[in-house]
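Taking it in order: structure first as C-alpha cells, then the write-up.
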Amino acid sequence: MPVQNGDESAVGLGSTKKPSLDKDLQKIEQLEEATRAVSRAWPSVGIAVLFLGIAGIFASFQAGAAHSSLLIIAAAIIGGYMALTIGANDVANNVGPAVGARALTMTGALVIAAIFEFAGAMIAGGSVVQTISKGIIDPNLVPSGEVFVWIMMSALLASALWVHLATYLGAPVSTTHSIVGGVLGAGLAAVGAEAVDWFVMGSIALSWLTSPLIGGVIAAAFLAFIKINLIYQEDKITAARRWVPVLVGIMSAVFGAYLVVKGLKHVWKPGLPAITAIAILIYAAAYLAARPWVRRQSEGMENRNQSLRKLFHLPLICSAALLSFAHGSNDVANAVGPLAAIVSSATTGTLVSAVGVPIWVMVIGGAGISLGLFLFGPRIVRIVGDQITKMNPMRAFCVALSAALTVLVASQLGLPVSTTHIVVGAVFGVGFFREQYTARSRRRRNYVRTHRRHAKGRSRALLPDELKHRKLVRRSHFFGIVAAWVITVPSAAALAAVTFLCADWLR
C-alpha cells in the first residue's frame, strides 16, 4: 500500500498537465463522437419531416375544398412542428431523473413516456380549449378573425422555433412560457399594448422565480429527511422497512391528487374536499401495500446505501409514467390549442373565446409529442438526468415527488407555474443541498484533516480534489439554463412579432 500511495503521489505531483498525446487522443475521440451524433441526427430529421408532411396531408383531407384549406394545412404543419419540439424538450423532465438514477434505461424511459404522453393527450387532453393562451390578450380588441388567425400562426411558429433552438443548445425551457411569449409578441404587433392583460403577464413572470425555488426547497427537504432517517442510520434495513412505505404512501397520495388536478382536469373537476379524501385513501392503500413489498424486497439485503437504492426503482418508474400522462393531458394544449383556434377561425371567419378540438388535431399533437421525444429527446433527458448533478434513485425520488407536490399546491392556489422550471429547480435543489451537506459533514472534516496531515509540506494547490469544496452542480448548466428561462418569453415574443409583421407585409 505505501508503494501505491507513492505512485499516486508521483503521478499527481510530477506533472499537473496531461501528456500531449493523451490530449490529442481525447480530441480525436470527441470529434468521432460528434461525427457519430451528426450522422445519427439525419435519419431523425428525415422522419420528422415525413411526419410533418403526413400532418399536412391529413389536414388537407379534413379541410376539403374550403377556401382556407392552404392556411389550415400550413397551420397543421406548424402545429406538428410545435408538438415535436415539446416532445424533444419538455417531456425530458418527466423521465430524466429516473434515467439518471439508472432506474430506467433510455429506451425504457422513451417507450413509457411516449405511451403515456399519447394516452394523456388522447384520453384527458380535453375537447375544448381557450383560443387565447392564458388570457393574456383580450379577444374583443382583435379586429377580425383573419388577424386572429395570423396572430396564432405567428405565435405557434415563433414558440416552436424558440423551443427548437433551446433544445439544440441543451436548455430545458417551458413550452408554456414559449407559447405565452409568442401570443404576447404577435398580439402586440397586431393590436398594441392595450390588448395585453399585464396583470396576467406579471403573475407568469413571478412564476419564473417562485416555481424553481419552491421545487428546489421541497426536493432538498425530502432528501434531508432520507439522509437523516435512512442513509445515516446504523441499521439501514430496519429504517427502510419503517420509512420507505411512508414515503411510497406520500408519493402515491400526491401523484393521485396530481393526476386528478392536472391530468384529468378536462374530464373531472372535483373540489378540495374530494381531492383531500382521494389523497388520504390512496395513501392508506399504498402504505398497506408497500409494507409487505418492502419487507420482501429487503430480505437478505446488505446494510449499505446501495441496497436502499433498489427499493426506490419501482416508485420512480411509476412516477415517470404518471408525470408523462399528466404532461400529455395538460401541455398538449400548447400545440393543439393554437391549431384548433386557427382551424375554427379559418373555417368560420369568427373569433370565439373557446373552441372544440377536432380529433385529427389531437392526434397530430399527441403523436408529435411522442415522436419528438423518441427522435430528439435523449439529449435533454441526459442533461436533466445526470449532467446538471449526479442522480441516484433516492435523489430522483425527491425530484419527482417535489414536482408533483409543487404543481398540486400551486394549482390549488391559482399560481401559474411551469413543470419544467419545477423539475429542473428540484434537480438544482438536490445538487446544492448535497454540496452544503457534504461540506459540513463530520466525515468530510475528518477526511480533510487526515489528508492534510499526509500532505504536510506540499503545496495546497496539489492536494486531492476531495479537499476542496466540491461543486456537485455543474455551474455552466446552471447559469445557461437560468439565462434561457429569463429570455424565453421575450425571445418568443420578439420572434412572433417579427413573424406577424412579415406575414402582414406579404399579405
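Here are a few things to note about the model shown:
- Qualifying residue in the stretch 251-260 (condition: surrounded by fewer than 20 Cβ atoms within 10 Å (Cβ to Cβ) and either of a type outside the set (D, E, K, R) or modelled with pLDDT of 90 or more (or both)): no
- Of all residues in the stretch 177-201, exactly one satisfies the criterion of being open to solvent by 40 Å² or more (accessible area, probe 1.4 Å) and either among the small types (Gly, Ala, Ser) or touching a His at 6+ places or on another chain (Cβ under 8 Å) (or both), namely Ala193.
- Which listed residue, of Val99, Val95, Val111, is open to solvent by 30 Å² or more (accessible area, probe 1.4 Å), of a type in the set (Val, Ile, Thr) and assigned to a helix (DSSP H, G or I): Val111
- Residue within the stretch 403-421 that is in contact with a strand residue (DSSP E or B) (Cβ under 7 Å, 6 or more places away or on another chain), of a type outside the set (Ser, Thr, Tyr) and modelled with pLDDT under 85 present: no
- Subset of the stretch 225-241 that is over 12 Å from Asn303 (Cβ atoms) and exposed (fewer than 14 other Cβ atoms within 10 Å of the Cβ) - its residue that is modelled with the lowest pLDDT: Tyr232
- Subset of the stretch 207-224 (residues that are more than 18 Å from the chain's Cα centre (by Cα), surrounded by fewer than 22 Cβ atoms within 10 Å (Cβ to Cβ) and in contact (Cβ under 8 Å) with a residue 24 or more places away in the chain): Ala224
- Checked against (1) surrounded by fewer than 21 Cβ atoms within 10 Å (Cβ to Cβ); (2) over 19 Å from Thr419 (Cβ atoms), Gly170 meets all criteria but (2).
- Going through (1) touching a residue at least 40 places away in the same chain (Cβ under 8 Å); (2) over 20 Å from the mean Cα position of the chain (by Cα) one by one, Arg379 falls short only on (2).
- Condition check for Ala335: at pLDDT below 90 and within 18 Å of the chain's Cα centre (by Cα): yes
- The set of residues in the stretch 278-301 being under 15 Å from Val254 (Cα atoms) and open to solvent by 100 Å² or more (accessible area, probe 1.4 Å) consists of Ile280, Leu281.
- Search result, residues across the stretch 344-359 that are closer than 15 Å to Ser69 by Cβ and open to solvent by 20 Å² or more (accessible area, probe 1.4 Å): Ser344, Thr347, Thr348, Gly349, Pro358
- Test: residue in the stretch 272-279 that is among the hydroxyl-bearing types (Ser, Thr, Tyr), on the phi < 0 side of the Ramachandran plot, touching a residue at least 40 places away in the same chain (Cβ under 8 Å) and not in a loop (DSSP other than H, G, I, E, B): no
The values are calculated or read from the model by the stated rules, or taken from the named source; none is laboratory data. Bear in mind that the values here come from a model prediction, so they are computed numbers and not experimental data. Positions of Cβ are backbone-derived with ideal geometry, glycine not excepted, and every protein chain shown enters the neighbour counts. When the accessible area is computed, the model is the full protein with side chains, heavy atoms only, and any ligands, DNA or RNA have been set aside. Shrake-Rupley method; radii C 1.70, N 1.55, O 1.52, S 1.80 Å.
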